Structures are given as structure tokens and as C-alpha cells.
Amino acid sequence: MSWQAVDRTRVPEEQLGPGLSEAVKEKIRAFFSRYPTKQAAVLPALHIAQDALGYVSLRAMKELAELLEIPPSKVMDVVTFYTHFWTHPKGRKTLLLCRSISCELLGAGKLKDAIRQRLGIGEHETTPDGEYSFMTEECLAACDHAPCLMVNEKMHKCVRPEDLERILADADNDRLDIPRSDLFDAP
Ligand code: FES
């Protein structure tokens, strides 16, 4: 396999995706005084942007770069380093499977196979109806209840492949009590 370079400086304007509202920019600016540099606020800024748009569009990256006074490439570096950030739209519900050791030892692999089979998508993909996206992340901090699967903000513990249908039907999956950006120590 060879690497393919993508020149994102030539993306047509209409393909840059949605931008940040003034309210979102203001929420980001409110973090600046808590950090030694504007650049240091990049993580809360990205969480705020993703909470607002559902993902971090190219236009949002450009606008964040202007706000933080750094090159757009630095924003993209951070976005593409963390699996949590999406560069394309997510489904309404995101299945987040733990891929760390306790969950792996207790059956996360079989659960992953069941999810892929049931939804017909791989990691960082979204079902055609826009309902579900799927991703894996490192430890979800509930290792004593492995394997763990989050659907949006709801944690499901000791999950077996046969639990999947019940979990997908759980009405609580839609609940979002605390957007990720609110977990930062806001001013
Ligand atoms: S290893 Fe899965 S929650 Fe910690």
C-alpha cells in the first residue's frame, strides 16, 4: 500500500462544510484567559466545535485556526490524532466500543464483529440512514465491567453480542446530559 497525499488547500468552497456560529466562537474565546496561549485551548475549542456541528468540518478547522492564531494544519494535526474527533458527519447515535486490554480479554472482539455485522459498517463509518456511527477508543474507565460499549453518553457494561439488539433499542441512548465541551473547567 502506498500513501496518498491529499491537497486540502484546493477543496472547493462549497465542500468545506458548515462553519462556526458567533455564539460558538464566543464560547471558545471564553476559554482563552485560562491558558498561557490561545493555541493551548485547542482541545476545548475542538470539543465545542464538534458538539455544535456533530463533526469538525474543514471550514470549522480554518475558523478555529484563525481564532487560535495558528496554521490550519496544526488544527488538523490535532483533529486527526484523536479518534474522538470526526472529519465527516456522524450518525445520530455513536457506538463507542472499548478496545483496551480488560475489554479485549473479555470479548470485545466478538462484540465488534457483532456490531459490524448488525450495522454493516466499519470503524468511523455511518449507516446509510444516518442513524448509527461506530468507533473504538481506549479504556472507557469501567474495566471491572468489561466489555464496555457506550451509545452516545450512555455506558453499557458487561455487554455480550446477544445484548446488542436490546442495547440498540434502549431509549436512553438518545440522552446527552453533558456535552463533552462542558466537561472542561469552563470559565
Ligand atoms: S479496558 Fe475497557 S473500560 Fe477499561
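The values are calculated or read from the model by the stated rules, or taken from the named source; none is laboratory data. Just so it is clear, the model here is predicted, and its values are computed rather than measured. Cβ coordinates were reconstructed from backbone atoms using ideal geometry, including for glycine residues, and neighbour counts include every protein chain displayed. Surface accessibility is based on the protein's heavy atoms, side chains included, excluding ligands, DNA and RNA. Shrake-Rupley method; radii C 1.70, N 1.55, O 1.52, S 1.80 Å.
Estimate the FRET efficiency between A30 and E69 by the formula 1/(1 + (r/R0)^6), using the beta-carbon distance for r and 22 Å for R0, to the nearest 0.05.
Values: r = 16 Å, r/R0 = 0.74.
For R0 = 22 Å, the calculated efficiency reads 0.85.
Skipping prolines and chain starts, which residues have an amide H placed within reach, meaning under 5 Å, of the one on E125, given they are 5 or more residues away or on another chain?
F134
With the chain treated as a Gaussian network of Cα nodes joined by springs under 10 Å, which of A40, A65, A49 yields the largest mean-square fluctuation?
In the Gaussian network model the winner is A40.
Starting from the Cα coordinates of the chain, work out the convex hull volume and express it per residue in Å³.
Working: hull volume 28.8 nm³, N = 187.
Once divided by residue count, the hull of the chain is 154 Å³.
Can you compute the helix-only [θ] at 222 nm over the chain? Use -39500 (n - 2.57) per DSSP H run of at least 4 residues, normalise by all residues, nearest 500 deg cm²/dmol.
That calculation yields -9500 deg cm²/dmol at 222 nm.
Percent antiparallel among DSSP beta bridges with both residues in region 93-174, to the nearest 5?
Numbers: 8 of 14 bridges.
Of the beta bridges lying entirely in region 93-174, close to 55 percent run antiparallel.
Provide the packing ranking of 84-92, 159-167, i.e. peptides ordered by the mean count of other C-beta atoms within 10 Å per residue, highest first. Write out the running numbers ahead of the final one.
Values: 84-92: 16.2, 159-167: 14.4.
Taking the mean over residues of other Cβ atoms within 10 Å, the ranking is 84-92, 159-167.
In the chain, carbon and sulfur make up what percent of the accessible area (probe 1.4 Å)?
Result for the chain: 53 percent of the exposed heavy-atom area is carbon or sulfur.
With respect to the cross-link table entries K90/K154; K62/K93; K62/K90; K25/K74; K112/K157, which display a Cα-Cα separation exceeding 22 Å?
Working: K90/K154 17 Å; K62/K93 27 Å; K62/K90 20 Å; K25/K74 18 Å; K112/K157 14 Å.
Check vs 22 Å cut-off fails for K62/K93.
Which one of S33, S57, S21 has the biggest mean-square fluctuation once the chain is modelled by GNM with Cα springs under 10 Å?
S33
Mind checking the per residue accessible area of the chain for me, 1.4 Å probe, whole number of Å²? List each step's numbers first, then the result.
Values: 10760 Å² over 187 residues.
Value returned for the chain: 58 Å² of accessible area per residue.
Considering only the other residues whose Cβ falls under 9 Å of the Cβ of C98, what net charge follows from Lys and Arg at +1 and Asp and Glu at -1?
Numbers: positive: R99; negative: E104, E137, E138.
Computed value for this residue: -2.
To the nearest 10 degrees, how steep is helix 108-119 against the longest Cα principal axis of the chain, on a 0 to 90 scale?
So the inclination is approximately 80 degrees.
In whole percent, what relative contact order does the chain give with Cα contacts below 8 Å and a gap of six or more residues?
Working: 259 pairs, mean separation 36.2, N = 187.
Answer for the chain is 19 percent.
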